[in-house]
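Please treat every number below as a calculation from the coordinates, not as lab data. Since the structure is predicted, the reported quantities are computational estimates derived from the model, not experimental observations. Neighbour counts are summed over all protein chains in view; Cβ atoms, including those assigned to glycine, are modelled from backbone coordinates with ideal geometry.
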Amino acid sequence: MSTRFAAPWCRTLRISSWGLTLLLAGVAALLAWDNREATWTVMLASAVLPLLAGLACALFAVLGYRVEPGWLVIERPLWNTRLPLDGLQDARADTRAMEGSIRLFANGGGFVFAGWFRNRPLGTYRAWLNDPARAVVLRVAGKVRVVAPDQPAAFVAAVNAAANLPSQ
């Protein structure tokens, strides 16, 4: 049995994703215009490459989360990321989990907040989320993971049940 949770977007993510899309479309148009007298191949490549960069970001978007016995499944457009819940030490909702974070190797607002981040309270952690205000911090086998389901409290209960831990 699995329980699915949506991954809603915060306002900041919607604005930054639209901004990125418009910027990349503008760059593609300008490059195509600037190369209009070049060969067809150069013009096409210069117009398509910025659009491919935006598409690459969109492919990493988080569509939702599924909690299955022993697993957290992060749903993406073309694949799922499966995280084992074996060794779950703690799961808690924390609306301020990402405050003061710096990106180590991450996408910080192009269709998703995902990758490696660091801040004082959590140390180095990995995140897959669309709305930091709904953050849930998972400590699994010494690693910190941050996700943001639509119902943080119900998600924490589902994760604890999937990992055979008592509800908190």
Name the most mobile residue of GLY54, GLY123, GLY110, meaning the one with the largest mean-square fluctuation, in a Gaussian network model of the chain with Cα contacts below 10 Å. GLY123
Under 11 Å from a label point 7 Å along Cα→Cβ of ALA56: give me every residue in region 13-50 with its amide N that close. 49-50
I want the antiparallel fraction of DSSP beta bridges within the chain, as a percent rounded to 5. 90 percent
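GLU68 to ARG11: extension gain in nm, 0.36 nm per residue of separation minus the Cα-Cα distance? Don't jump to the answer; show the numbers that get you there.
Values: separation 57, 0.36 × 57 = 20.52 nm, distance 2.93 nm.
Result for the pair: 17.6 nm of gain on full extension.
Per the Kirkwood definition applied to all pairs of different Cα atoms, how many angstroms is the hydrodynamic radius of the chain? Intermediate results must be reported in sequence, preceding the final value.
Numbers: mean 1/r = 0.0582 Å⁻¹.
One decimal place: 17.2 Å for the Kirkwood radius.
Exactly which trypsin sites (Lys or Arg not before Pro) in region 60-168 are in a DSSP loop and have at most 16 other Cβ atoms within 10 Å?
Working: sites: ARG66, ARG82, ARG92, ARG96, ARG103, ARG118, ARG126, ARG134, ARG139, LYS143, ARG145; in loops: ARG96.
Filter output for region 60-168: ARG96.
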What percent does the relative contact order of the chain come to when contacts are Cα pairs within less than 8 Å and at least six residues apart? 24 percent
Please compute the net charge surrounding ASN160, taking Lys and Arg as +1 and Asp and Glu as -1 over other residues with Cβ under 11 Å from its Cβ. 0
